[in-house]
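Student: After the structure tokens below, expect a handful of questions from me.
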Amino acid sequence: MANLHSRQQKAIIALLKCRSVASACKMSNVPRRTMENWLRDGDFSKALREARQRAFNVALGRLCLAANRAVSVLIDGMRGK
């Protein structure tokens, strides 16, 4: 995201947090037409893909950690601990 200006970086964060482009526009205070233009821009769409991948990897790591803990609790419960 280093090549993007601060408004575009805020827009990417909003796109990650919101369920729709319209909501992301409101959150980031970016007009819908501007957001649509940015989404067609190669650098912006690449930065968005990379940000989504990082967010996914963090969530997956947290899920794996929670799954390990959950399995330990279940095994302890089965053993009567």
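Student: In 10 Å bins starting at zero, report the fraction of Cα pairs in the chain per bin as a rounded %.
Tutor: Calculated over all Cα pairs of the chain, the distribution is 17, 36, 18, 13, 11, 5, 0 percent.
Student: Given a 1.4 angstrom probe, I'd like the percentage of the accessible area of the chain that is carbon and sulfur, rounded to a whole number.
Tutor: 54 percent
Student: What's the ranking of 53-60, 6-13 by average number of surrounding C-beta atoms within 10 Å, highest first?
Tutor: Details: 53-60: 10.4, 6-13: 16.9.
Put in order of decreasing packing, that is 6-13, 53-60.
Student: Under the 0.36 nm per residue contour assumption, what length would be gained going from the current alpha-carbon distance of residue 72 and residue 50 to full extension?
Tutor: Extra length available between residue 72 and residue 50 comes to 4.6 nm.
Student: Give me the 1.4 Å probe accessible area per residue for region 15-75, excluding ligands and nucleic acids, in Å².
Tutor: Values: 4700 Å² over 61 residues.
For region 15-75, the per-residue accessible area is 77 Å².
Student: Using only the alpha carbons of region 10-50, what is the convex hull's orientation-averaged projected area in square nanometres? Numbers along the way, then the final one.
Tutor: Values: hull surface 9.8 nm².
Taking a quarter of the hull surface, the average projection is 2.4 nm².
Student: Can you give me the distance in nm between label points at residue 20 and residue 37, each placed 7 Å from the Cα along the Cα-to-Cβ direction?
Tutor: Rounded to a tenth, the inter-label distance reads 2.3 nm.
The values are calculated or read from the model by the stated rules, or taken from the named source; none is laboratory data. Computed from a prediction, not measured in an experiment: that's the story for all the values here. Glycine gets a Cβ as well: all are built from the backbone with ideal geometry, and neighbour counts include every protein chain shown. To get the accessible areas, we keep the full protein, side chains included, count just its heavy atoms, and leave off ligands, DNA and RNA. Shrake-Rupley method; radii C 1.70, N 1.55, O 1.52, S 1.80 Å.
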